[in-house]
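Have a look at the structure below, then the notes.
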Amino acid sequence: MKDDEAGTLQIHGRHPVLEALKAGRPIQRLQIARGASGGVIDEIFAQARQHHIPFDLVARELLDRSAGGGHQGVVAHLAGQAYADYAQILASLPPAPFLVFLDGIQDPHNLGAILRTAHAVGAHAVVIPERGAAGLTATAVKAAAGAAAHLPVCRVVNLARALDQAREAGLWIAGLDAGGERSFATGDFSGPCGIVVGGEGKGIRRLVRKHCDFILTIPMGRNQIGSLNASVAAGLVLYEVFRQRHAS
């Protein structure tokens, strides 16, 4: 085992990775060398599919650089902690739930900062996609300063579908985007709601945007330097939700 540059703990080698999968370790993703084959590799693929763990087929040279020798064509990146089950979260929502959806936040420091804010304002869970986004790495958990231990974080295959499921559960979904229709301060967050925050630079993806009930924006007094940092933007809107829910 060792830590990689992204702050995740690595397990490498065919049998150690297979045993980690069977034991239910919180694996963030797998990297498997292209062309790797054999019975153990087949079982690793089967276990990954069974437990919905994403895997990438990569050049063996990439594994040599990240894991050194002895990886046997397989590297597992463990999450800093286990994920919550999204279906269970939806099934046990309180009367006025408040969920936070992150569409492609790639910087683990930003993810950690948003988790810390989401916990502080009373969000009931944070939902992230399996692919194309930072996960609960050691770096993200550390940046959350303890919040990740008290706030459920769910990882889903399809974020757009997750939004539909939340809407079916009675939540109104507000997307946060620079091209939003109106200021976030005009939104009504007193009832069941979900906030969607887009990734750094790209914002909310078009398909995800279609599954929001409305799109809000943060008005800017100066636009020379572009939009706000993702975690800063999230903080402003999440505290507006908190303000409305705790107004005297």
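Tabulated values for the structure
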{"read-out": "Sequence-distant residues sharing a close amide H with Trp172 (under 5 Å, placed H)", "value": "Cys193, Gly194"}
{"read-out": "Qualifying trypsin sites (Lys or Arg not before Pro) in the range 147-248, DSSP loop, other Cβ atoms within 10 Å at most 12", "value": "Lys202, Arg222"}
{"read-out": "Among Gly68, Ile89, Trp172 the positive-end extreme of the charge dipole of the chain (Cβ point charges)", "value": "Trp172"}
{"read-out": "Whole-number percent relative contact order across the range 44-135, with pairs defined as alpha carbons under 8 Å at least 6 apart", "value": "27"}
{"read-out": "Carbon/sulfur fraction of accessible area - the chain, other protein chains in place, 1.4 Å, %", "value": "52"}
{"read-out": "For Leu228, solvent-accessible area (1.4 Å; no DNA, RNA or ligand), Å²", "value": "70"}
{"read-out": "Dipole in debye (nearest 20) - the chain, about Cα centre, beta carbon charges: Lys, Arg +1; Asp, Glu -1", "value": "120"}
{"read-out": "Of all DSSP beta bridges in the chain, antiparallel share, percent nearest 5", "value": "30"}
{"read-out": "Ranking by accessible area, most exposed first, for Arg34, Arg29 with a 1.4 Å probe", "value": "Arg34, Arg29"}
{"read-out": "Accessible area in square angstrom per residue, the chain, 1.4 angstrom probe", "value": "48"}
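The values are calculated or read from the model by the stated rules, or taken from the named source; none is laboratory data. Note that the coordinates shown come from a computational prediction; the quantities given were computed from them, not determined experimentally. Here the Cβ is made from the backbone with ideal geometry for all residues, glycine too, and neighbour counts use every protein chain on show. Accessible surface areas use protein heavy atoms only, side chains included; no ligands, DNA or RNA. Shrake-Rupley method; radii C 1.70, N 1.55, O 1.52, S 1.80 Å.
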